[in-house]
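*Asks:* Can you keep this structure in mind? I'll have questions shortly.
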């Protein structure tokens, strides 16, 4: 409908259009009154009649607007103006320059009609104005006969009046434009401020909720780990495993929500550092080994041996990308135990542009073409996913897409419903350095079963680059027959769960008897815990699904008795404190934690790691304990009553500086996982920062890294304290 109101219905938006109508209306009414007075003075009633269409149009426009019909009012206003100017152009001598009034008409529609919402009305009014102007210019003022207002009157009175009227009306239009622009600017600024406040409130709320959830989750995860390290029955182990997987899934959801909040607020920052490329992918795949097994999925890894050893990257975010893509692929490739296993393949190599190309492909349910366009939108899940009840928050792929964009990369997807999915990620290789370590396999042969589904064939290219040879056998019988001839330069890769060897339940003892004692053999198993049973002679067992390059290289070095390179000093130092500590009393750790459950968890974790813990409830008691006794390290929560972790650290550092004491390492353990908290801890004088929930492995590594500092400073600390006392 031409006059259907399609502007926003809210009161503020209607008042803008009402204000425009009233401003322009008063200007036109004033001009019309002026022309009527001039007509009376000159005794030219025609001039007064010419103002009629404009005056009537303005009056009706004001009435319609006042009664809530601004669109109809603006249309009538424009029509009245066009009729009045057209009549004036054909009845007034050209000496008055009546065409100047078209300047007012051309500006009016763009002022009174909203571009985008009222395009039809705007087009009609502009077209009518243009037709009227063209008719006047082409036909001339005298087309309908001699002008009714002569040349003398036009030159002496009307020319100046028309010029003055055009000036006034254009000034009124500019004022209306200014009011509109100012009103919109104020509204935009208010909306922007409101959006910023809402975003900040949401971020603060999510950070607070994350802190509150992480605190009890630390008790859950910590106690589960302690239970896992105790003697449990098979059923108890299964229950503990379920609790662990559920808590990990919950933490993943929390991290995804926080990341999405950071991305929306523009606060997601990257930490580019020297990263061991292949190690990131191996650790990501290894993390999901149990997850893949539980979903009856074979996880395989394929890599290009020409990859650089190091590149500059945010290793944490890269790992997050890979974990998200792999876990999705495994989840959507799940199979019932009685069906053949699903398959997920992680491929790492180079693209045509020599950047890093990562592919994650699966043979799962696939994605419908209609859903591919919205695949990376937050909270979007296809009907297929919802129908199969795979769960998930719908944030994973949205975060992956944003992270890849932050890393100046790109992601693409190819999929067909029921045919699986392939995600392809391209990332720039920055500051490449070194090559992946390659064992010396010259004159060595690796024999394996052809068409096996353990992924051994993916290592053909890396082994050939190391100088080795790859040989495939068609059946287990052929492999066993070849092994009867002794050859110290051949290693046989034996699938532990090969179907042809299942009739005797394929125990390691049974498999080993098929090979002579001197045969170099590496047994593969998709489930590492199945390898606990050992045969009467030593064998090499290698976890598969996936087979990791680092583990495979070490297995080959051991099988061929190759000299392995010296271990990295930094890694070997992590556990040195445990090797050198006394069996009776471990390093003394002072820990400040205000949560009752977390105190129990922390005490148990430290005891399991071989430390002697002293646990207190707040920073004030920790400070007093530090003053009265000697400790090797301090662990502290950040948010505690009375004295928090930051104030505790400042007080200790001030005393150390004043008394000339050695510096004791202080490590923060906090549930606040927002960006910038780590930097705040370091600025306060702490030496490291850990987020809750804290795993035994993470605690072990962090404490091990800082124990040497404690070992060197504890004696100095004691001596300085005795001197001051």
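The values are calculated or read from the model by the stated rules, or taken from the named source; none is laboratory data. Everything numeric here is computed off the predicted structure, so don't read it as measured data. Using ideal geometry, Cβ is built from the backbone for each residue, glycine included, and neighbour counts are taken over all protein chains shown.
*Asks:* Could you check segment 567-611 and list, in sequence order, the residues that are part of a helix (DSSP H, G or I), more than 33 Å from the chain's Cα centre (by Cα) and either outside the structural domain of residue 642 (by TED's automatic domain parsing) or at pLDDT below 60 (or both)?
*Replies:* Scanning segment 567-611 gives 569, 572, 573, 575, 576, 577, 578, 579, 580.
*Asks:* Here's a follow-up. Looking for whichever is in contact (Cβ under 8 Å) with a residue 24 or more places away in the chain and either buried (at least 22 other Cβ atoms within 10 Å of the Cβ) or outside the structural domain of residue 184 (by TED's automatic domain parsing) (or both) here; the options are 125, 29, 136, 83. Which one fits?
*Replies:* Criteria check complete, one pass: 125.
Conditions tested, residue by residue: (1) out of contact with any helix residue (DSSP H, G or I) (no Cβ under 9 Å at 6 or more places or on another chain); (2) part of a helix (DSSP H, G or I).
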{"residue": "130", "(1), (2)": "no, yes"}
{"residue": "144", "(1), (2)": "no, no"}
{"residue": "153", "(1), (2)": "no, yes"}
{"residue": "158", "(1), (2)": "no, yes"}
{"residue": "181", "(1), (2)": "yes, yes"}
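*Asks:* Here is a check on your reading of the model: is residue 162 part of a helix (DSSP H, G or I) and either in contact with a strand residue (DSSP E or B) (Cβ under 7 Å, 6 or more places away or on another chain) or under 18 Å from residue 109 (Cβ atoms) (or both)?
*Replies:* no
*Asks:* Of the numbered conditions (1) under 38 Å from the mean Cα position of the chain (by Cα); (2) modelled with pLDDT under 85, residue 660 fails exactly one; give the number of that condition.
*Replies:* Among (1) under 38 Å from the mean Cα position of the chain (by Cα); (2) modelled with pLDDT under 85, residue 660 violates only (1).
*Asks:* Return the only residue of 172, 76 being buried (at least 18 other Cβ atoms within 10 Å of the Cβ), over 51 Å from the mean Cα position of the chain (by Cα) and either modelled with pLDDT of 85 or more or not in a loop (DSSP other than H, G, I, E, B) (or both).
*Replies:* Every option except 76 fails the conditions.
*Asks:* Looking at 88, 114, 190, which is the one that is part of a helix (DSSP H, G or I) and either modelled with pLDDT under 80 or under 20 Å from residue 51 (Cβ atoms) (or both)?
*Replies:* Of the residues listed, the single one that is part of a helix (DSSP H, G or I) and either modelled with pLDDT under 80 or under 20 Å from residue 51 (Cβ atoms) (or both) is 88.
*Asks:* Residues in segment 32-73 that are surrounded by 15 or more Cβ atoms within 10 Å (Cβ to Cβ) and under 60 Å from the mean Cα position of the chain (by Cα): how many?
*Replies:* Residues flagged as surrounded by 15 or more Cβ atoms within 10 Å (Cβ to Cβ) and under 60 Å from the mean Cα position of the chain (by Cα) within segment 32-73 amount to 14.
*Asks:* Still on this structure, please answer the following. What are the residues in segment 101-122 that are surrounded by fewer than 16 Cβ atoms within 10 Å (Cβ to Cβ) and within 24 Å of residue 35 (Cβ to Cβ), if any?
*Replies:* Correct list: 103, 106.
*Asks:* When you go through (1) at pLDDT below 90; (2) part of a strand (DSSP E or B) one by one for residue 554, which number turns out not to apply?
*Replies:* (2)
*Asks:* Tell me, which strands (runs of 3 or more DSSP E) lie completely within segment 420-528 with 3 or more residues that are modelled with pLDDT of 85 or more and exposed (fewer than 15 other Cβ atoms within 10 Å of the Cβ)?
*Replies:* Hits in segment 420-528: 433-435.
*Asks:* Scan segment 143-169 for residues that are without any contact (Cβ under 8 Å) to a residue 40 or more places away in the chain and more than 60 Å from the chain's Cα centre (by Cα) and jot them down.
*Replies:* Passing the criteria: 145, 146, 152, 156, 160, 164.
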